[in-house]
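Note sheet for the following structure.
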């Protein structure tokens, strides 16, 4: 009986010591996390001071990735003999000049992707890579500072596709107004006087017009994470059918050295493009702005990637 009591006592002491050790380790871990947070806070503050210094700041981040496969006599699938592939890249680049009385911000965003599925038993199918994602956007913003957060500004922004139908359509915005920078890395452009030039072969669908332009851009890198979100909106004073907006987002997380995960998604609304698709692609000759379904345009890409910075 004494041996049993002694065994239980030893077990109780061991569990108590283990619990104390676990609590001590958790307390130590919490202290370390607080220290890391404090260090990161000081690093962020120093980075903000560096970003605010006069001069040029140039950089880029993006992803490069893809996959290739080949099947021979794989009878369980519909195309037993095939080769397939997917390759693409995204680039988000910037070149910004910061001075005491003015700034000049330049940005480039592109997302290009190609895919192929070659049925080797069908000699008539397309055995090459075809473009799947095609996004190209370049902008230049100049501002004369009125205060730390407000500036009188002028904007040039050009958007199109470059793999196919280059500049058909293409959109060139030129406008003036104000730029607001409420926090670090966030730029909001408010231009009530903006002309949206639209370039296209079919000028019966695509028309240029005068309107207002709003752009919001946030770009930042935090350790292994880099991200950019950009919203560009044009509101035509002539007709809502000539208005358009586009929202693109790019995220990159480095897992090991330069290998990581990339995720991009975008949304777009453009009635002129919807009408052009109905008339010239689907051949719906009776399509008008009033009877088409101007569905929301979307894209997204996700995969392992090689991250450059």
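By the count of other C-beta atoms within 10 Å, a proxy for reagent exposure, 259, 190 are ordered fewest to most as 259, 190.
Once you have a ≥ b ≥ c as the square roots of the Cα gyration tensor eigenvalues for region 55-308, tell me rounded if a/c is under 1.5, and otherwise prolate or oblate according to whether a/b is larger than b/c. It is oblate, given that a/c is not under 1.5 and a/b is not larger than b/c.
Taking neighbour Cβ counts within 10 Å as the exposure measure, how do 228, 116, 57 sort from fewest upward? Walk me through the numbers before you get to the answer.
Details: 228 23, 116 17, 57 13.
Ranking 228, 116, 57 by Cβ neighbours within 10 Å, fewest first, gives 57, 116, 228.
What is the calculated FRET efficiency for residue 176 to residue 256, with r their C-beta to C-beta distance and R₀ = 41 Å, to the nearest 0.05?
On the way: r = 47 Å, r/R0 = 1.14.
Efficiency for this residue pair is about 0.30.
If the segment from residue 238 to residue 147 were pulled out straight at 0.36 nm per residue, it would be longer than the present Cα-Cα gap by 29.4 nm. What separates the Cα centres of region 86-141 and region 250-309 is a distance of 12 Å. By the beta-carbon count within 10 Å of each Cβ, the least crowded to most crowded order of 250, 72, fewest first, is 72, 250.
Please give the length that would be gained between residue 289 and residue 58 if that part of the chain were fully extended, namely 0.36 nm times their separation in residues minus their C-alpha to C-alpha distance (nm, one decimal).
On the way: separation 231, 0.36 × 231 = 83.16 nm, distance 4.26 nm.
Here the segment from residue 289 to residue 58 would lengthen by 78.9 nm.
Seen through its C-alpha gyration tensor, with square-root eigenvalues sorted a ≥ b ≥ c, region 194-309 comes out prolate because a/c lies at 1.5 or above while a/b is bigger than b/c.
Computed from the coordinates by the stated procedures, all read-outs in this text should not be read as laboratory data. This is a predicted model, so every value here is computed, not measured. Glycine gets a Cβ as well: all are built from the backbone with ideal geometry, and neighbour counts include every protein chain shown.
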